[in-house]
Amino acid sequence: MLTHAVGDTRHVWIEAGTLSELMGKLQTQFPLLRPLVWDDQLKVRKHVMIFLNDQSLAWLPEGEIVLKEHDELSIVQAVSGG
């Protein structure tokens, strides 16, 4: 559902040293992604889940997270309907 915001692909590669740097680069490089994932205060929207190496960001410790080579970030938008 978010692929249209990142050039109709399921994967993008971005070099970043920290999670916050990566998030900033995502918002800059893919401006269509920003309103779908983040609200006006740059908080992740309630219907979006973000995972770092299959672990929800909600469960990761507060503070700056240093990324390692081959870390993988996944952004999942909830789907509902009838």
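What residue, among those in the range 30-39 that are out of contact with any helix residue (DSSP H, G or I) (no Cβ under 7 Å at 6 or more places or on another chain) and assigned to a helix (DSSP H, G or I), is nearest to GLU62 (Cα to Cα)? Applying the filter and picking the extreme gives VAL37. Of all residues in the range 1-29, those being closer than 22 Å to ALA78 by Cα, over 11 Å from the mean Cα position of the chain (by Cα) and not in a loop (DSSP other than H, G, I, E, B) number 4. Residues in the range 52-82 that are within 16 Å of SER20 (Cβ to Cβ) and either part of a strand (DSSP E or B) or of a type in the set (Phe, Trp, Tyr) (or both): LEU52, VAL66, LEU73, ILE75. Number of residues in the range 29-74 that are exposed (fewer than 15 other Cβ atoms within 10 Å of the Cβ) and touching a Gly at 6+ places or on another chain (Cβ under 8 Å) equals 1. Of the residues making up the range 40-51, those that are in a loop (DSSP other than H, G, I, E, B) and within 17 Å of VAL76 (Cβ to Cβ) are LYS43, ARG45, LYS46, HIS47. More than 12 Å from the chain's Cα centre (by Cα) and at positive phi, is that true of ASP54? For ASP54, the condition - more than 12 Å from the chain's Cα centre (by Cα) and at positive phi - is met.
Values in this text are rule-based calculations from the coordinates and carry no lab data. Everything quoted here is computed from the prediction, not taken from an experiment. Don't worry about glycine lacking a Cβ; one is built from the backbone with ideal geometry, like all the others, and counts go over all protein chains shown.
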